1. Return the distance in nm (one decimal) between the two label points of a simple spin-label model at Ala294 and Leu95, each offset 7 Å from Cα along Cα→Cβ.
2. Under a point spin-label approximation (7 Å from Cα along Cα-to-Cβ), what is the Ala22-Leu35 distance to one decimal in nm?
3. Multiply the residue separation of Arg211 and Thr121 by 0.36 nm, subtract the distance between their alpha-carbon atoms, and state the gained length in nm to one decimal.
4. Mind listing the phi-derived Karplus ³J(HN,Hα) values for segment 44-57, rounded to whole Hz, using 6.51, -1.76 and 1.60 with θ = phi - 60°, and x for any glycine or proline?
5. Roughly how large, in nm² to one decimal, is the mean projection of the convex hull of the alpha-carbon atoms in the chain?
6. Using mean Cβ contacts within 10 Å as the protection proxy, how do 263-274, 281-292, 178-189 order, highest first?
7. If you count, for each residue, the other Cβ atoms within 10 Å and average over each peptide, how do 201-211, 119-129, 72-82 line up from highest to lowest?
8. What is the Cα centroid distance between segment 240-305 and segment 117-138, reported in whole angstrom?
Amino acid sequence: MGAQADDQYPSRPIRLVISYSAGGPVDIVGRLAGLKLSEALGQQVVADNRAGANGNIATEIVANSTPDGYTLLVGSNGSIAINPNLYRSLNANPLRDLAPVILLASSPLILVTHPSVPPNTVKELIQLAKSKPGTINFASAGSGSSAHLAAELFKGLAGVDLVHIPYKGAAPALTELVAGQVQVMFTGVSATLPFIRGGKLKGLGVTGEKRVPVLPDVAAIGESVPGYEVTTWYGLFAAAKTSPAIVARLYRALADALLSADTRQRLAALGAEAGGLPPEKFAPMIKQEINKWAKVVKDAGVRPE
């Protein structure tokens, strides 16, 4: 694509491929980013949810697209940083085949329990798990999901034995937890807020380095388990070899939008913080994340379903 064409970008609608199904946090963040891009660039941005294979399908679509900035990807740490460690062969390698544009947002997960589970703090849960190894179970959105690996990292650092019960998605897992069919779960903050406030679940700890404003009384797990930190993040990507001028245009459009009060408020309602990392800082962060989860996947012997 020549310099003249770069100057005219975008001259037609942009396809925004979202790597998970409608209604989840990746979709919500992605559609917000699409709206802001459309406002800033003066072109229609069409959201296209392509769920499946833990986000690999969407990644492949964008990796194999023409690198002209008209097909973009909204991916998460699950599809971009965890999948390369889970799957022995990927048709698209995020490091090789994608160009990072911007870190859109990040949010912690939360460790929740059914009210029938006696512990009210992370320390108490660890004490109970150590006194009765293998008797506490935890639900997840599926084997190899961010929530599953957050629990595996917790098990390793806290030295506890919890039994994994995988479900086909976060929603059915959360439903079973609220019903008391399982005892513990790591999951998104926004999905659990109504249940915590309604007394149907207990929030024991958040996985970020600090507490979150929407749940100020819930401690960070790292306060009890040194070195523990898990952040779910969402980013925008183009195909590798996309013109640096186009990547820069996309970055500037969203970096400005992420500074706005309304964007920050909408993300805060999800328990998320606005991002803003530019490509040159986002890329090394992704490499660090891939290395971090490589160890967790190997140590826990995790395999995708």
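1. For Ala294 paired with Leu95, the spin-label model returns 0.6 nm.
2. About 1.5 nm separates the two model spin labels.
3. Details: separation 90, 0.36 × 90 = 32.40 nm, distance 1.40 nm.
Taking 0.36 nm per residue and subtracting the Cα distance, the gain is 31.0 nm.
4. Calculated HN-Hα couplings, in order: 5, 10, 9, 6, 9, 6, 10, 6, x, 6, 6, x, 5, 4 Hz.
5. On the way: hull surface 58.3 nm².
Approximately 14.6 nm², given one-decimal rounding.
6. Working: 263-274: 18.7, 281-292: 15.2, 178-189: 20.9.
The densest-packed peptide leads the list: 178-189, 263-274, 281-292.
7. Working: 201-211: 21.0, 119-129: 17.4, 72-82: 26.6.
For the peptides 201-211, 119-129, 72-82, the packing ranking is 72-82, 201-211, 119-129.
8. Centre-to-centre (Cα) distance: 33 Å.
We did not get these values from a lab; they are worked out from the coordinates using the rules stated. Since the model is a prediction, treat every value here as computed from it, not as a measurement. Quick reminder, even Gly has a Cβ in these numbers, built from the backbone with ideal geometry, and neighbours come from all protein chains shown.
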